[in-house]
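Here's the structure we're looking at; comments come further down.
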Amino acid sequence: MIRFLLHRVAMTVPLILLVALFIFSLLNLAGGDPAAVIAGEGASAEKIEALRTALGLNEPFLVRFGAWLLGLVQGDLGTSLFTRKPVTELIGQRLEPTFSLALLTLVFSVLIAVPLGVIAAWKAGSWVDHLTTGVSVVGFSVPVFVTSYAAIYLFALTLGWLPVQGYTPLAKGFWPFLSHLILPAAMLSISYVGLVARITRSAMVEVLGQDYIRTAAAKGVSEPDILLRHGLKNAGVPIVTAIGLGFAFLVGGVVVTETVFGIPGLGRLTVDAIARRDYPVIQGVILVISGLYVLINLVVDLSYALLDPRIRQ
Amino acid sequence: MPSLIRASASDGAAAPARWAGAIARHPGLAIGTLVLVVVLAAALFAPFLGTVDPNRLNPMLRLKPPSASAWFGTDRLGRDIYSRVLFGARVSLIVGVSVAVLVTALGLTVGLLAGFLKRADSVLMRLMDALMSIPAVLLAIALMSLTKASVGNVIFVVALGELPAMARLVRSVVLSLRERPYVDAAITSGTRLPLLLVRHILPNTVSILLVQGTFVFASAMILEAVLSFVGAGTPPDVPSWGAMIADARGTFQIAPYTVLFPALALSLTVLSVNMVGNGLQAVIDRQARR
C-alpha cells in the first residue's frame with residue numbers, strides 16, 4: 001500500500017517537469033517577441049535588441065528554460081509584462097471565482113449524473129435509459145457558449161430570475177454569490193453530466209451483470225441496497241476516473257463560460273493575457289492549471305486504493 | 001459505412017428491406033447521416049443556394065430581422081446571416097474532417113509503435129500523458145494567439161489537443177490484440193513486424209478508429225468554434241460559426257436571431273456527427289456480440 005502510494009506520488013514529479021517543458025517550448029516555438037511587446041509599437045530596433053538582452057531573451061533555449069524552472073521551484077512564475085505584478089499574485093486574485101465555479105459545476109454534475117446513470121443501468125432500455133443517452137449526446141454536442149446564451153436570454157433577460165453576468169465574492173453574502181454562479185455552473189455541467197452519466201451507466205451495467213448481484217437478489221436484499229451497496233460501490237473506480245479526466249474538459253469550459261458571463265477568474269485572466277501577448281502570465285496560468293490536473297488525477301488514482309481493496313495489496 | 005450496415009443486416013433479405021431494417025434499428029445513425037449530408041451539400045454548393053457575398057457590409061441594412069430578402073436577418077454590420085451560416089459550414093467541416101484524419105493517422109502511428117516496441121512505449125506514453133495534462137482549449141488558444149490566424153494553424157493546434165486520447169486508445173487496442181492466438185501464430189511462423197502490423201493488427205483497429213475518429217470530428221468542430229469565439233481562430237475574412245456567435249455578443253439582447261442561426265447550425269452539425277458516431281458504435285457492438 002505504502003509502496004503503491006509512494007510510487008504513484010514519485011511519478012508525478014517527472015510528469016510535471018515534462019508538462020513544463022512542453023508548455024515552455026511550444027509557446028517559444030509559436031513565435032512572438034516579448035521584447036517587441038514591452039517596447040511597444042514604433043520602438044526602434046536597437047531598443048528592442050537592448051530589451052532582449054536585458055530580459056535574457058538572447059540566452060540559449062535551455063538556459064532560459066532552466067531559469068524559468070528554477071523560479072518555478074521557488075514559487076516564482078515571473079512578472080507580468082503588462083501590469084508588472086508577479087504572476088503568482090495575479091493568479092491568486094483570480095482563484096476564488098474559478099474555484100467556486102468549478103466546484104459548483106462538479107456538485108451539480110455529480111448530483112445529477114450519478115443517479116441518472118444508476119437508474120439508466122437499472123432500468124436498461126426504459127425511457128430513463130434513452131433519456132440519459134439522449135442527454136449525454138446533446139450535452140456533448142451543444143457548445144457551452146450556445147447553451148449559455150440561451151440560458152441568459154431565458155432566465156436573466158426574459159424571466160429576470162438571475163443576474164445576466166458578473167461575479168460577487170462570497171464575502172459579500174451567500175445569495176449574491178450563488179445567484180451569479182447558478183447559470184454558468186448549470187450550463188457548464190451539461191456536458192460534464194453527459195460524460196459522467198454515460199460512464200456511470202456502463203460501469204453499473206457491467207457490475208449488475210455479476211454473479212454476486214444475482215446472489216444478493218436471491219438472498220432477498222432490497223433493490224436500493226443492491227444498487228447502492230453492492231452495485232455503485234463496485235462501479236466506483238471508472239466513475240471517479242471519469243470525474244477526474246473530465247476536469248480537463250471542465251477547464252476548457254471554464255475559459256469560455258467566464259468570457260460569456262463576465263466572471264473575473266483564471267479563464268478571463270488567460271484570455272486577457274493572450275490578447276496582450278503577456279507571455280509570463282500565459283505560461284504561468286497554463287502551467288498552474290495543468291499542474292492541478294496532474295494533482296487531481298493523482299488523487300483519483302490514490303482513491304482507487306480506497307474504493308478497491310485489491311489495489312491496496 | 002455502407003458495408004458495416006449491410007454486414008449487420010439480417011441474412012438474405014432484399015436490399016431495400018435490408019436498408020429499411022438497418023435504419024429502423026439505428027435511427028440515430030440514419031438521422032445523423034442525413035443531417036450531415038445536408039450540411040455538406042450546403043457547404044459545397046453555398047454559392048448557388050441564394051447566398052450573397054458573406055463578407056459584404058451593408059450599413060443601410062443593419063440588424064434587420066429575418067425576411068424574404070434576408071432569410072436569417074442581417075448582423076450588426078449588415079452582413080447577410082443566411083450566407084454567413086452557409087459559408088461558415090465550410091470551415092467547420094474542413095477543420096473537423098482534417099483534424100479527424102490527422103489525429104487518426106498520428107494516433108495510429110504512435111499507438112502502434114507504443115503497443116509493439118517496449119522501448120518506445122514508456123517514452124511515447126509519458127509524452128502523451130504530459131500533453132494530455134495540458135487542457136486542450138487553453139493550449140490551443142495560447143498557440144493560436146501567438147501564431148498567424150489561419151485555417152491550417154487551427155487544424156494543427158486542435159489536432160495537438162486531440163492526439164493523446166487517440167494514441168492511448170490505439171495502444172490499448174493493440175495491446176489486447178497482441179494477446180490473441182492468431183497474432184502469436186503469425187509471430188511464431190516468422191511474420192515480420194511490418195507485415196504483421198499491416199495484415200493482422202491494422203484491419204482489427206479500423207472499426208474502433210472509425211468510431212473514435214467520428215467523435216474527434218465532432219469535438220474538433222466545437223474547439224474550432226471556441227477558438228473563433230474567443231478571437232483566436234480563423235482569419236476574420238473566413239466566416240465561422242464561432243466568430244459569428246462572438247460577434248453577436250453585443251446584439252443578441254435586441255436581435256436574438258444574430259446568435260440563434262449560427263448557434264443552431266453549429267449544434268445540429270456537431271449533434272449529427274455524434275449521432276453517427278454513436279450509431280456506428282452500436283453497429284459494431286452488435287457485430288461483436290454475434
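For the reader, a short list of remarks on this structure follows.
- Which listed residue, of B:249, B:199, B:192, is within 19 Å of residue A:259 (Cα to Cα) and among the basic types (Lys, Arg): B:249
- Being within 14 Å of chain A (Cβ to nearest Cβ), modelled with pLDDT under 85 and at positive phi holds for only one residue in B:231, B:250, and it is B:231.
- Residue list for region A:57-75, filter: assigned to a loop (DSSP other than H, G, I, E, B), of a type outside the set (A, V, I, L, M) and surrounded by 11 or more Cβ atoms within 10 Å (Cβ to Cβ): A:58, A:59
- Residue match in region B:180-203 (condition: buried (at least 21 other Cβ atoms within 10 Å of the Cβ) and either farther than 29 Å from residue A:16 by Cα or within 14 Å of chain A (Cβ to nearest Cβ) (or both)): yes
- Filter result for residue A:52 (touching a helix residue (DSSP H, G or I) at 6+ places or on another chain (Cβ under 7 Å), without any contact (Cβ under 8 Å) to a residue 40 or more places away in the chain and in a helix (DSSP H, G or I)): yes
- Which listed residue, of B:238, B:226, is crowded, with 20+ Cβ neighbours inside 10 Å and either away from chain A (no Cβ under 11 Å) or without any contact (Cβ under 8 Å) to a residue 24 or more places away in the chain (or both): B:238
- Subset of region B:143-160 that is within 7 Å of chain A (Cβ to nearest Cβ) and without any contact (Cβ under 8 Å) to a residue 40 or more places away in the chain - its residue that is surrounded by the most Cβ atoms within 10 Å (Cβ to Cβ): B:143
- Single residue of B:122, B:83 found to be more than 14 Å from chain A (Cβ to nearest Cβ), in a helix (DSSP H, G or I) and of a type in the set (Ser, Thr, Tyr): B:83
- Which listed residue is among the hydrophobic types (A, V, I, L, M, F, W, C) and farther than 30 Å from residue B:226 by Cα, from A:69, A:81: A:69
- Filtered residues of region B:46-76 (kept if of a type outside the set (Phe, Trp, Tyr), without any contact (Cβ under 8 Å) to a residue 24 or more places away in the chain and either out of contact with any helix residue (DSSP H, G or I) (no Cβ under 7 Å at 6 or more places or on another chain) or under 16 Å from residue B:236 (Cβ atoms) (or both)): B:47, B:57, B:58, B:59, B:60, B:61, B:62, B:64, B:67, B:68, B:69
- Residue B:123 being at pLDDT 80 or above, within 22 Å of residue B:162 (Cβ to Cβ) and more than 26 Å from the chain's Cα centre (by Cα): yes
- Residue in region B:268-283 that is free of Cβ contacts under 8 Å to residues at least 60 places away in the same chain, more than 29 Å from residue B:180 (Cβ to Cβ), within 8 Å of another protein chain (Cβ to nearest Cβ) and in a helix (DSSP H, G or I) present: yes
- Just one of the numbered conditions (1) within 14 Å of chain B (Cβ to nearest Cβ); (2) in contact (Cβ under 8 Å) with a residue 12 or more places away in the chain is not true of residue A:105: (1).
- Of all the residues in region A:136-158, those that are more than 17 Å from residue B:137 (Cβ to Cβ) and either facing chain B (nearest Cβ under 7 Å) or among the hydrophobic types (A, V, I, L, M, F, W, C) (or both) number 11.
- With respect to the conditions (1) buried (at least 23 other Cβ atoms within 10 Å of the Cβ); (2) not in a loop (DSSP other than H, G, I, E, B), residue B:233 falls short on a single one, namely (2).
This table checks each residue for (1) modelled with pLDDT under 80; (2) under 19 Å from residue A:111 (Cα atoms); (3) of a type outside the set (Phe, Trp, Tyr).
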| site | (1), (2), (3) |
| --- | --- |
| A:218 | no, no, yes |
| A:222 | no, no, yes |
| A:239 | no, yes, yes |
| A:249 | yes, yes, no |
| A:260 | no, no, yes |
| A:265 | no, no, yes |
| A:270 | no, no, yes |
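- Here residue A:40 passes the criteria (1) surrounded by fewer than 17 Cβ atoms within 10 Å (Cβ to Cβ); (2) within 14 Å of chain B (Cβ to nearest Cβ); (3) over 28 Å from residue A:301 (Cα atoms) except the one numbered (2).
- Restricting A:34, A:14 to residues that are within 30 Å of residue A:308 (Cα to Cα) and either surrounded by 14 or more Cβ atoms within 10 Å (Cβ to Cβ) or modelled with pLDDT of 75 or more (or both) narrows the list to A:14.
- Counted residues, region A:268-313 - those being among the small types (Gly, Ala, Ser), away from chain B (no Cβ under 11 Å) and crowded, with 20+ Cβ neighbours inside 10 Å: 1
- Where helices (runs of 4 or more DSSP H) fall entirely within region A:137-242, those with at least 3 residues that are in contact with a Pro (Cβ under 9 Å, 6 or more places away or on another chain) are at A:144-151, A:174-208.
- Candidates A:126, A:179, A:141, filtered to the one that is crowded, with 16+ Cβ neighbours inside 10 Å, out of contact with any Phe, Trp or Tyr (no Cβ under 8 Å at 6 or more places or on another chain) and free of Cβ contacts under 8 Å to residues at least 24 places away in the same chain: A:141
- When residues of region B:253-273 are limited to those that are modelled with pLDDT under 90 and among the hydroxyl-bearing types (Ser, Thr, Tyr), the one nearest to residue A:154 (Cα to Cα): B:257
- Test: residue in region A:124-135 that is within 14 Å of chain B (Cβ to nearest Cβ) and on the phi > 0 side of the Ramachandran plot: yes
- Under the condition of being of a type in the set (Val, Ile, Thr), at pLDDT below 80 and more than 17 Å from residue A:239 (Cα to Cα), the residues counted in region A:286-313 number 0.
- When residues of region A:272-283 are limited to those that are modelled with pLDDT of 85 or more and of a type in the set (Val, Ile, Thr), the one nearest to the chain's Cα centre (by Cα): A:282
The values are calculated or read from the model by the stated rules, or taken from the named source; none is laboratory data. As the structure is a prediction and not an experimental result, all values here were calculated from the model. Counting neighbours? That spans all protein chains shown, and the Cβs are built from the backbone with ideal geometry, glycine included.
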